[in-house]
C-alpha cells in the first residue's frame, strides 16, 4: 500500500451538493493528520487538522478511522469557491516528516 | 499570520547554470523544508533543516544542496541545472516537530532550458 493514497478525481458537483473524499494511509502508528487545500498554481494551505474524535469547521467535517487507516473530508453545501485540489497529509513512520497525498480535485459548477 | 516568502515566482535558467532559490520565514520556526511538485507526482521532499546549519536529505536530494546560515532563511541550490529540474519548488516552515503543521511559500516555478 502506498503511504498516502487518494482518489485523484476529478469530482464534478453542482453548487449546494455534499461531497466526500477519502484517504488511506499505510503507517498504523501515524499521529498527525491534516487536510490541505491547493488552488490552481498556488501553494498548499492548511484547511484543517484531523482529530481522533472528528472535527468540524463550518461546512467542513473531518473524520479519522484508525482501525481502517483512513481519513475523510466532507464538504456540505458546496460553493464555487470550494473548487480546488484537496491534499491528505499524514506523518511518516519515524514521525520526522509529513507525507502528502497527490490530491483529489474538486470542481463545483453553477 | 505566518509568512513564508520565496524570492522569485518565476525563473528561467539555462542547462548547467547554478541556481539559488531563497526562502525566508518570519515566525522564528525551527524547521524549514524544500519540496518540488510535479503533475502526477505530488509533493516530494528534497531537503529539510531543523536548526541553523543542520540539514537532512529528503526523498529526492540528488542534484540539490541547501544552506541555512540563519534561522529565518533556507536556500536551495541547484549546482548545475538540468532540464529534469524544471518544476514548481515550494518552501515550507513549521514551528513544532517535523510532523507539525507546515506553512508554505507561494512557490517558484523554475524552467530550465
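The values are calculated or read from the model by the stated rules, or taken from the named source; none is laboratory data. Keep in mind that this is a model prediction, so the values were computed, not measured. For neighbour counting, all protein chains shown are included, and Cβ atoms are generated from backbone atoms with ideal geometry for every residue, glycine included.
Only one of the numbered conditions (1) over 15 Å from the mean Cα position of the chain (by Cα); (2) within 14 Å of chain B (Cβ to nearest Cβ); (3) at pLDDT 95 or above is violated by residue A:2, and that is (3). Among the residues of the stretch A:89-101, what is the count of those that are surrounded by fewer than 20 Cβ atoms within 10 Å (Cβ to Cβ) and under 14 Å from residue A:38 (Cβ atoms)? The total comes to 0.
Just one of the listed residues (A:72, A:52) is modelled with pLDDT under 95 and either more than 10 Å from the chain's Cα centre (by Cα) or closer than 19 Å to residue A:13 by Cβ (or both), namely A:52. Condition test on residue B:35, is it modelled with pLDDT of 95 or more and touching a strand residue (DSSP E or B) at 6+ places or on another chain (Cβ under 8 Å)? The answer is yes for residue B:35.
Okay, residues lined up against (1) at pLDDT below 95; (2) within 22 Å of residue A:38 (Cα to Cα):
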{"residue": "B:5", "(1), (2)": "no, yes"}
{"residue": "B:15", "(1), (2)": "no, no"}
{"residue": "B:21", "(1), (2)": "no, yes"}
{"residue": "B:42", "(1), (2)": "yes, yes"}
{"residue": "B:48", "(1), (2)": "yes, yes"}
{"residue": "B:66", "(1), (2)": "no, no"}
{"residue": "B:76", "(1), (2)": "no, no"}
{"residue": "B:83", "(1), (2)": "no, no"}
{"residue": "B:97", "(1), (2)": "yes, no"}
